[in-house]
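Colleague: There's a structure below that I have some questions on.
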Amino acid sequence: MNEEDSAINKETTDRRIGLFGGTFNPIHLGHLRGAEEIRETFGLQEVVFIPAAIPPHKVAEGVVEARHRLEMVRLGTATNPGFSTTDIELTRPGKSYSIDTIRYFRERHPNALFFILGRDAFVEIETWKEFQQLFSLCNFIVMTRPGFQKTPSNAQLPGSLVRVFRYDEEIKGWIHTSGHTLHFKEITYLDISSTKVRELIETGESIRYLIPAEVETYIRQQGLYRKSR
């Protein structure tokens, strides 16, 4: 059984699965804490971490090899039974498009899917491949920082999506014409970024308590993110 199949091989119709994609360059405690809060709040049985191969919206410079990022995600999620990792985007040729990943999961199991992303990514969603079709395929959960507008307003949505969503007070979220939902969820804000972690490594400063200890050890052993001499 290959890795992507093992991540989705629990074929029960009542499972709620979160799909959490990203460069994870490297994975840090902000990623993990956000995913855990989303898992708990929305009753997800599993959150699948999906490292991207060639992210369409990222500059490739400074992104370490996919095999390293995959291994760091594996190490960072290993102690949480509600987390898993898949290499589906790493084994797919070309760039990593979210719609292809969502379709992949939909074709292989009947579970309810929840695509998890940050607010910064969501405001750019109109630039994503076939973005109008995304919301017809699965539910979406947008992680927001404290202080994000709590009162439902069309301002929460990109302009082109206003006409295809309506706010539902009962679920405290938006409902797409397809019946899928869109939620904005405030999570504990940890002021950590992969960029900051890489910068600290380059300057030889401590990254302890910013990333999992197992990931820190791996980075040190592999000599990742060190400034070229």
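All of the numbers you see were taken from the coordinates with simple rules; none came from a lab. What you see is a predicted model; the values in this text were computed from it and never measured. Glycine gets a Cβ as well: all are built from the backbone with ideal geometry, and neighbour counts include every protein chain shown.
Colleague: Where the second residue is assigned to a strand (DSSP E or B) and aliphatic (A, V, I, L, M) and the first is in contact (Cβ under 8 Å) with a residue 24 or more places away in the chain and under 17 Å from Leu32 (Cβ atoms) and lies in segment 189-218, which pairs have Cβ atoms under 7 Å and are six or more apart or on separate chains?
Modeller: Pairs found: Val197/Ile211.
Colleague: So for segment 54-73 (the condition being buried (at least 18 other Cβ atoms within 10 Å of the Cβ), closer than 27 Å to Pro158 by Cβ and in contact with a Leu (Cβ under 6 Å, 6 or more places away or on another chain)), does at least one residue qualify?
Modeller: No, the conditions are met nowhere in segment 54-73.
Conditions tested, residue by residue: (1) under 21 Å from the mean Cα position of the chain (by Cα); (2) part of a helix (DSSP H, G or I); (3) of a type outside the set (Asp, Glu).
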residue: Ile141; (1), (2), (3): yes, no, yes
residue: Ser160; (1), (2), (3): no, yes, yes
residue: Gly179; (1), (2), (3): no, no, yes
residue: His183; (1), (2), (3): yes, no, yes
residue: Asp191; (1), (2), (3): yes, no, no
residue: Ser206; (1), (2), (3): no, no, yes
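Colleague: Of the residues Thr101, Thr79, Thr86, which is surrounded by fewer than 18 Cβ atoms within 10 Å (Cβ to Cβ) and not basic (Lys, Arg)?
Modeller: Thr79
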